[in-house]
Amino acid sequence: MGASLGLYNYLIQKNHDVKVVSPTDYPDFLTWMEGNDKVIIHKEKNSRAAIALKEADVIFCLDFNSADRVEKLEQDLLKSAAKKVMIDHHLSPQSFCDYTFSFSDSCSTCELIYHFIVQMGDKDFLNKVIGECLYTGIMTDTGSFRFSSMTADTHRIIADLMEAGVNNAKIHELVFDNFSEERTRFLGFCIKDKMVVLKEFNTVYISVTKEEMRKYNHQTGDAEGIVNYGLGIKGIRCSAFFSEREDLIKISFRSKDNFSVREMASKHFEGGGHKNAAGGKSKASLQETVERFTELLLLYKDELTQ
Ligand code: 5GP
């Protein structure tokens, strides 16, 4: 959303007619960004989303590398006669766009949107609202500027965004101090009652059922970030979070150093992502999915424990 709304706020300054389409809804802690009220969420307004894609001259595909990542929007996207421009930082981009700007070394698509604006010769257009969107995406994708993907150049970009008017403390508060009481208690429940530590594999996992999520009045985004807590335990190199959704199990993986959760996600859980942050899904039951994961750890034991 940071990349989409950052680009949106730039393109409207250039007098383009811009529509932002998102396949799904997204967490409340992102809805303060300028332009949020204009976002067409496909799940809620599927015909408006389809029309927007059909009528577009140009479609920017931001922060995804294969058409199936936009789920039910995929067919409308592929059918559209618009020129398609991918701007993304995931490995192995698929060739469904006319122009593919894929930089997997970059920490975030927001960083790439910054470069896009600058390369268009429009650095002067970077203002507070664009800055707020891009700052948010860089901050969340780098774990608040701590991951190895965070370079000196990225710090310089952050400095530029702050000089454009971004209030860093305000954004951290809007994103990280904006949870409901139930979500904070859900986090406590996950860590205290649901976290399993497999010391022999330097791995932690948490799995939650639909029922448990319902009990804590689960809202979109409430599970976000919980997977990271496992990595906070000394020696842990892999963390997984399994949540039971309507028709599938959604999985988030995180890792440290050279252990690639992307490989595990893409080989075994119909997923992908980055080396240290990936996701996937499973059509099996929650219990079967967790069992499959723990069995797989045997395959990866050497890498996890070396
Ligand atoms: P998260 O765990 O935060 O949902 O996702 C972490 C990373 O994995 C993100 O870069 C996201 O795009 C990617 N990812 C999550 N789920 C999937 C999936 O089902 N398929 C693919 N290809 N990537 C995913």
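Averaged per residue, the chain has 52 square angstrom of accessible surface, using a 1.4 angstrom probe with ligands and nucleic acids left out.
Of the listed pairs K194/K250; K45/K215; K38/K123; K210/K283; K72/K215; K38/K210, which have alpha-carbon separations greater than 22 Å here? In this structure, K45/K215; K38/K123; K72/K215; K38/K210 lie more than 22 Å apart at Cα. Its DSSP H runs of at least 4 residues, each contributing -39,500 (n - 2.57), put the calculated 222 nm mean residue ellipticity of the chain at -11000 deg cm²/dmol, to the nearest 500. Rounded to the nearest whole angstrom, the semi-axes of the ellipsoid equivalent to the chain, taken from the Cα gyration tensor as √(5λ), stand at 32, 22, 20, largest first.
Each principal axis of the range 198-306 carries a Cα extent, and these read 40, 26, 23 Å when sorted largest first.
To two decimal places, what compactness ratio does the range 138-230 give when its Cα radius of gyration is scaled by 2.2 N^0.38 Å?
Working: Rg = 16.7 Å, N = 93, 2.2 N^0.38 = 12.3 Å.
That ratio works out to 1.36.
Computed over every Cα-Cα pair of the range 2-176 and binned at 10 Å starting from 0, the pair-distance distribution P(r) comes out as 10, 39, 38, 13, 0 percent.
Per 0.36 nm of contour for each residue apart, how much would the distance between L296 and D25 grow if the chain were fully extended, relative to their Cα-Cα spacing?
Values: separation 271, 0.36 × 271 = 97.56 nm, distance 3.21 nm.
Between L296 and D25, full extension yields 94.3 nm more.
Could you rank the peptides 244-255, 123-134 by their average count of other C-beta atoms within 10 Å per residue, with the highest value first? List each step's numbers first, then the result.
On the way: 244-255: 19.0, 123-134: 21.0.
Sorting 244-255, 123-134 by mean packing, highest first, produces 123-134, 244-255.
The values are calculated or read from the model by the stated rules, or taken from the named source; none is laboratory data. Because the structure is predicted, anything quoted here is derived from the model rather than measured. Every residue, glycine as well, gets a Cβ built from its backbone with ideal geometry; the counts of neighbours run over all protein chains shown. Each accessible area value is taken on the protein alone, full model and side chains, heavy atoms only, with ligands, DNA and RNA left out. Shrake-Rupley method; radii C 1.70, N 1.55, O 1.52, S 1.80 Å.
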